[in-house]
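Worksheet for the structure shown next.
The values are calculated or read from the model by the stated rules, or taken from the named source; none is laboratory data. Just so you know, these numbers come straight off a predicted model, no measurement behind them. No Cβ is skipped: glycine too gets one built from the backbone with ideal geometry, and neighbour counts run over all protein chains shown. To get the accessible areas, we keep the full protein, side chains included, count just its heavy atoms, and leave off ligands, DNA and RNA. Shrake-Rupley method; radii C 1.70, N 1.55, O 1.52, S 1.80 Å.
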Amino acid sequence: MLALVYVADLLISSGSVPRGVTVAGVPVGGLSLADAEQTLRTQIEPRTTVPVQVTVGEVGTQIDPTTAGLAVDWEGTLDRAGEQPLNPITRITSFFTQREIGVATTVDRVAVDGALGELGPIVDRQPVEGTVRFDGVTPVAVDPVPGQQLDKEHALDVLARDWASGRPVNLPLFPLPALTTPEDVATAIEEVARPAVSAPVTVIGEEGSQGVLEPAVIAAALSFEPAPEGGLEPVLNPTVVTDALEDQLAGSEREPVDASLDFSTNPATVVPSQDGRGVDYEATLADLLAVLTGTGPREITAVYSDQPADVTTEDLQALGTAGVISEYQTGGFAADSGINIRRAAELINGVVVGPGETFSLDAATGPRTPANGYVEAGVIDNGQPARGIAGGVSQVSTTLYNAAYFAGLTDVEHRAHSFYISRYPPGREATIADGAIDMRFRNDTPTAVLIQTAWTPSSLTVRLLGTKYYEVESLTGPRTNPTSPNTVNVPEGEPCAPSQGAPGFTITDTRRVTDVRTGEVRTDPTTTTRYNPSPRVVCGG
């Protein structure tokens, strides 16, 4: 009898979907293949044209399935159900269990990668290393925080499986551990931070002068970085220390005077430079960390040296018929960014780029670390406001790029920001990243070019001095191919910087160069820049 029941059940169910099968939550077990497909189309097809709710960790957003290239393969979906099982135990248990097989999805790999690529910047978070900050002169522990990154490889599989389920799709992340530990932070406080700010340090100069580094200045200059061998190592920002001592020791110094151009004559004449003598702060501060953390007297002796002018007489004489060949100015930066902009501008001021030479901004201003005079300031991270060491230096890159552009010099390397920043000319700006993204130009003229910078708390000006060979015109196209920003909801309590977002767009720029000696005109290849949309960020959403 059991055998007859088994055979009868097998014959009756032949050609139908195995019992217990569900597709994206829709039960189709026991239906004929035609009825099953019609049922799935009726219930699932409406879901395929509405945005898919996606959660990645604590962040929620949407993906448009049409834009992402997702579509249901109806025949392939039913093929997943398989044939009628022959195992009698399997056939019996199918009366009491369900088996979810999910939809079979045809995927436009390029489109899906693009959609997931927009999610990555929203949810990716680099680990935050442990450090020590100061509340006034009181050290405060900042424990490390692990980061996270969208697991794009597995996210594609999950999205293809669950996008038509009608439920939010939870995409996978993988953790990014920090290098430091809370124990490293505690050690740094006890062994370095507290002793460093325990009392002032006196710097003894010549001619009876002296400077005092108060604990508040030491706290402002002292930071910590992960050490290669583990733990945290202290770093002193020389700019902060130097700024505190310069006025106090100025009476014992003789400032150098840069060479300049006197334009009252034609051609302009060179006003000679004058060397000076003053404190060699690099040598003076070499032992400051040892004094701060040691048990001996809290004083150091200033080291003096001859100080040549940044721009020498020989520099200007090498320029030929010298004059201003181009000048560009930008503004609109914050006070903390201004510190980094000033530091980078100082490092390139007076640099001479000889005929045939290539100038690298990354090499001239790096490494951009606290030890080299840079501080933490605002940056744009994947379209959202964030903080980072040397934030703002891209303003120097953009300003210098435009000065070189209008001087007719050869663009060797530059990269625009991924997201448009409104204070820069669209399609004619350049970002920079330590050791990764550079701004380089080559001097293909017969004579040298000198870089001169002028910084104020609200603007940066870059002038290029030399012999003028070109007149330059920028032909900027209209903004095309607008792309709308996504909305990102960041839960209450998560780090968040609200933003209204901004559309992305594509823009072109073409440089037209006229040789002032011959009148010959050349048109350089057109540069096309595509800016991503900046996401609209809702905090506590």
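A few comments on the model shown:
- Area accessible to solvent at L33, 1.4 Å probe radius, in Å²: 90 Å²
- Once you reduce the stretch 119-176 and the stretch 190-240 to the center of their Cα atoms, the two points are 34 Å from each other.
- Here the 3J(HN,Hα) profile of the stretch 324-332, calculated from phi with Karplus coefficients 6.51, -1.76 and 1.60 at θ = phi - 60°, is 7, 8, 6, 8, 9, 10, 10, x, x Hz, Gly and Pro shown as x.
- Simple spin-label estimate for T518 and E282 in nanometres, 7 Å along Cα-Cβ: 4.3 nm
- Per-residue SASA entry for D262, accessible area with 1.4 Å probe, Å² rounded to 10: 60 Å²
- Average silhouette area of the stretch 416-541, convex hull of alpha-carbon atoms, in square nanometres: 11.3 nm²
- The stretch 246-301: relative contact order in percent, alpha carbon pairs under 8 Å with at least 6 residues between: 27 percent
- In this structure the chain gives 49 Å² per residue of accessible area when probed at 1.4 Å with all protein chains present.
- Dipole-positive endmost among L289, V54, G392 within the chain (Cβ charges, Cα centre): V54
- Just the protein heavy atoms count here, and of the accessible area of the chain at 1.4 Å, carbon and sulfur take up 52 percent.
- Nearest-20 debye value, the stretch 451-541 charge dipole, Cβ charges on Lys, Arg, Asp, Glu: 220 debye
- Of the residues L316, S252, G278, the one whose Cα sits farthest towards the positive end of the charge dipole of the stretch 247-320 is S252 (charges of +1 on Lys and Arg Cβ, -1 on Asp and Glu Cβ, taken about the Cα centre).
- Among beta bridges from DSSP that stay inside the chain, the antiparallel ones total about 90%.
- Extending 7 Å from the Cα toward the beta-carbon at both D157 and S360 defines two label points whose distance is 4.1 nm.
- 222 nm mean residue ellipticity, helices alone, for the chain (DSSP H n ≥ 4; -39,500 (n - 2.57); rounded to 500): -7000 deg cm²/dmol
- Relative contact order of the chain: 10 percent, from C-alpha pairs under 8 Å at least 6 residues apart in sequence.
- Taking every protein chain into account, the 1.4 Å probe leaves C496 with about 50 Å² of accessible area, to the nearest ten.
- Given in Å, the Rg to one decimal and the Dmax to the nearest whole number for the Cα atoms of the chain are 32.5, 119.
- For D143 and E492, the FRET efficiency from 1/(1 + (r/R0)^6), where r spans their Cβ atoms and R0 equals 22 Å, is about 0.55.
- Gyration tensor (alpha-carbon) shape descriptor, the stretch 217-322, a/c threshold 1.5: prolate
- Its Cα centre serving as origin, the chain has a Cβ charge dipole (Lys and Arg +1, Asp and Glu -1) of approximately 2080 debye.
- Solvent-accessible ranking of D310, D336, D438, largest area first, probe 1.4 Å: D310, D336, D438
- Residue-span extension gain [D336 to E233] - 0.36 nm each, minus C-alpha spacing: 34.7 nm
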